[in-house]
Amino acid sequence: MEEILTLTVAQFLEAFDADPEDGEWLAEEIARYDFRYRRLSQEERDALILSVLDRLDGFTQVGAHRQHIWELAWGDVADRYERSRGDLSALEPGFIGATREIRLRGDFAVPMDPKFEFHFFRVFRHWLYRKHLGAARQVYEFGCGSGFNLAALAQRAPDKVLTGLDWAQPAVDLINAFARKQGFNLTGRRFDFFNPDPELKLEPGAVVMTFCALEQTGVGFRDFIDWLLERQPERVISMEPVLEFYDPARLYDALALRYHRHRNYLNGYYTYIRELAAAGRVEILKARRLQYGSLFHEGTSMLIWRPISVGESTGIRENQA
Ligand SMILES: C[S@@+](CC[C@H](N)C(=O)[O-])C[C@H]1O[C@@H](n2cnc3c(N)ncnc32)[C@H](O)[C@@H]1O
């Protein structure tokens, strides 16, 4: 009989590199979900690795050619939302929790609850919003898709002014539709990472977020980052797969690396932010691999940074993964 393990509050804090006192309020959120899981036997693990290797070549590659695919995908979600008669859970994207086995704390795991991965993300987002959005009045999410992260934020912080941006028009229309229906202080707008809108200004003190979105740009993220630097948001929160966090000498990581590279995901972003930090142009506030993800890779590593304005002198802190 395999041992059933449960993710503890202390392990969540460790994953997020959170302050110990955060456990006092995070425990309540964690207790809402079933975080039991088991590890795999040697035979199961070997078979799983072989099945990953078998499937690697079949995955599509992301990039500029995929805009139409995203338009279709978010059009389908908009139909689902319409049919649900305003149920915000219809906005939840299918790509979180799509695999039976997940990555957790350095190895594969089989959760008892199929929604484990999604619930882990919800706990993380609960923590992130409280700890890292601070008093920001304006929050922008780029590549926001269905806007389910913004809907969650609008519900907990109705005073914030939210903007959801995506290159897929059906996603923008969906956001505007549910924001109107729910009375959220949220606007959808078109935006393309590859061609950042020169007309778009960010409000002073704005916080910028991306969740599994910049990943889609491969090596083509720089125009967007330079565009952000010109606009000087208060901080930038990226929850993206970070190539540089994997250890290529470990089989477990090497598999994720091969998947990441095959899909043409975000490549060189953390390196670029570190170069900017070394040049005194940004300060890295947090860089953390959460040690959780789908079977194939860890899609949400945390990188939080802020632009340093000209003339500002600061001791550059770097909180490494
Ligand atoms: C994996 S989805 C993530 C969506 C959302 N952030 C979430 O967590 O559910 C990637 C998103 O990035 C958007 N996207 C991809 N390439 C983009 C680009 N060049 N400019 C703007 N958005 C883009 C897609 O339309 C899609 O909404």
_Quick check on Ala157: is it within 14 Å of the ligand (Cβ to nearest atom) and more than 15 Å from the chain's Cα centre (by Cα)?_
no
_Can you name every one of the strands (runs of 3 or more DSSP E) wholly within segment 54-161 that holds 1 or more residues which are of a type outside the set (S, T, N, Q) and more than 26 Å from Arg32 (Cα to Cα)?_
138-142
*Assess whether Glu29 counts as being free of Cβ contacts under 8 Å to residues at least 24 places away in the same chain and either farther than 30 Å from Val219 by Cα or not in a helix (DSSP H, G or I) (or both).*
no
_strands (runs of 3 or more DSSP E) wholly inside segment 228-312 that include at least 3 residues being touching a Phe, Trp or Tyr at 6+ places or on another chain (Cβ under 8 Å)_ = 235-240, 282-288, 301-307
*So Arg289 fits all but one of (1) over 25 Å from Pro198 (Cβ atoms); (2) free of Cβ contacts under 8 Å to residues at least 12 places away in the same chain; what number is the exception?*
(2)
*Which condition number in (1) more than 16 Å from the chain's Cα centre (by Cα); (2) assigned to a helix (DSSP H, G or I); (3) among the basic types (Lys, Arg) is the one that Arg189 fails?*
(2)
*Pairs, please: C-beta under 7 Å, at least 6 apart or cross-chain, first residue under 14 Å from Phe296 (Cα atoms) and in segment 108-120, second assigned to a helix (DSSP H, G or I)?*
Phe108/Arg45; Phe108/Leu48
*Give me the pairs, please: first residue somewhere in segment 59-74 and closer than 17 Å to Tyr259 by Cβ, second residue anywhere and surrounded by 12 or more Cβ atoms within 10 Å (Cβ to Cβ) and of a type in the set (Asp, Glu), beta-carbon distance under 8 Å, and either six or more positions apart or on two chains.*
Val62/Glu215
*In segment 186-202, what residues are of a type in the set (S, T, N, Q) and surrounded by 14 or more Cβ atoms within 10 Å (Cβ to Cβ)?*
Thr187
*What's the number of the condition Arg66 fails, among (1) modelled with pLDDT under 95; (2) over 30 Å from Lys181 (Cβ atoms); (3) surrounded by fewer than 17 Cβ atoms within 10 Å (Cβ to Cβ)?*
(2)
_Residue pairs, Cβ under 9 Å, 6 or more apart or interchain, first in segment 88-101 and farther than 30 Å from Ile49 by Cα, second among the polar types (S, T, N, Q) and part of a loop (DSSP other than H, G, I, E, B). List them._
Ala90/Ser84; Ala90/Ser146; Leu91/Ser146
*Could you list, in sequence order, the residues of segment 48-76 that are away from the ligand (no atom under 13 Å from the Cβ) and farther than 29 Å from Thr8 by Cβ?*
Leu50, Ser51, Leu53, Asp54, Arg55, Leu56, Asp57, Gly58, Phe59
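The values are calculated or read from the model by the stated rules, or taken from the named source; none is laboratory data. As the structure is a computational prediction, the values presented were derived from the model and not from experiment. As a convention, Cβ positions derive from the backbone with ideal geometry for all residues, glycine included, and neighbour counts pool all protein chains shown.
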